[in-house]
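The block underneath contains the structure these notes are about, expressed in structure tokens.
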Amino acid sequence: KDASVRVLYFRAKAAACQDERNRAGAEEALRSALQCCEKAKDDKENNLETQACVVRSELIILLCEQDRHAEAAKFVTACDTHARTHVNDEDGELMQAAMSAGILWALKSGNEADAVRRIQELEAVAKTAHQAGRIGGQLLNMANNSSRMGFHWAALAAAEAAVRLGQKSDDKKGFLVGSLYTVAVVTLHSGDHVTAKRKAESLLDACNDPK
């Protein structure tokens, strides 16, 4: 069978295993997918190279969710290198996947400064209203997750990036309200109650703005 087809099969199998909370099965399937990408001859569009980047992103997240970030490190460099040289591929989704995985890896590794740099890099990917909405939504999730992990600097960086992207999205007011709410919540969780109150007042202003 064609290598690309085998890769898709193993990725689908990994997704099914994840749904069943079978992390060992998911990891085995993803490693098989990556092996297909690395061993087979690529086509002129470099589809296997692209698939390998996506698979590495998925492996990084899977390993980090099990606190195996040291093992995930070997996939990060290759994932970053490909994504950063193909920023616009797949409507920016390739870069989004790589940076998202890298942010989780950086946080799990205790390198909050690297996570913040990656958040800034991910924000910069958004050039269209559609991309702004998609990436902004993911940054909101990252803000909440980072806050729960105790990384308040990264949480605020992600939430504030989402606010900026929300202003570029198709649903500016709706997105802005959700983003400002998240900024207020992660600021509160950081222990800065005074600033959190001020952010909450900004949220009320946004809700009452008729525009």
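The values are calculated or read from the model by the stated rules, or taken from the named source; none is laboratory data. Bear in mind the structure is a predicted one, so any value in this text is a computation, not a measurement. Heads up, the Cβs are rebuilt from the backbone with ideal geometry, glycines too, and the neighbour counts pull from every protein chain shown. Areas reflect the complete protein model, heavy atoms only, side chains present, ligands, DNA and RNA absent. Shrake-Rupley method; radii C 1.70, N 1.55, O 1.52, S 1.80 Å.
Structure above, values below:
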item	result
Cα pair distances exceeding 18 angstrom across segment 3-49, given as percent	30
Size descriptor, Kirkwood hydrodynamic radius, that averages inverse alpha-carbon separations across segment 1-115, Å	14.2
From phi via Karplus (6.51, -1.76, 1.60), per-residue ³J(HN,Hα) for segment 115-120 in Hz, x at Gly/Pro	4, 5, 4, 5, 4, 5
Reduced Cα scattering model of the chain, Debye log10 I(q)/I(0), q = 0.08, 0.09, 0.15 Å⁻¹	-0.31, -0.39, -0.96
Cross-link pairs beyond the 27 Å C-alpha cut-off, checked among Lys13/Lys168; Lys127/Lys173; Lys39/Lys108; Lys13/Lys41	Lys13/Lys168; Lys39/Lys108
Exposure rank, largest accessible area first [Glu90, Glu27; 1.4 Å]	Glu90, Glu27
Average accessible surface area per residue within segment 1-81, 1.4 Å rolling probe, Å²	57
Accessible area of segment 164-207 belonging to carbon and sulfur atoms, whole % at 1.4 Å probe	57
Net charge over other residues, Cβ less than 11 angstrom from the Cβ of Ile119 (K, R count +1; D, E count -1)	-3
Where trypsin sites (Lys or Arg not before Pro) fall in DSSP loop in segment 1-82, at most 11 other Cβ within 10 Å	Lys1, Arg21, Lys41, Lys44
Magnitude of the charge dipole, segment 1-99, Cβ model with Lys/Arg +1 and Asp/Glu -1, debye to 20	380
Convex hull of Cα atoms in segment 42-96, direction-averaged projection (nm²)	3.7
Size of charge dipole - the chain - debye, nearest 20, with Cβ of Lys, Arg +1 and Asp, Glu -1, no other charges	160
Charge-dipole axis of segment 79-211 as Lys and Arg at +1 and Asp and Glu at -1 on Cβ define it, positive-most pick from Ala196, Gly166, Trp105	Ala196
P(r) weight above 22 Å for segment 89-211, C-alpha pairs, percent	32
Of all accessible heavy-atom area on segment 69-137, the percent that carbon and sulfur account for (1.4 Å)	51
Point-to-point label distance, Asp192-Ala129, nm (Cα→Cβ direction, 7 Å offset)	3.2
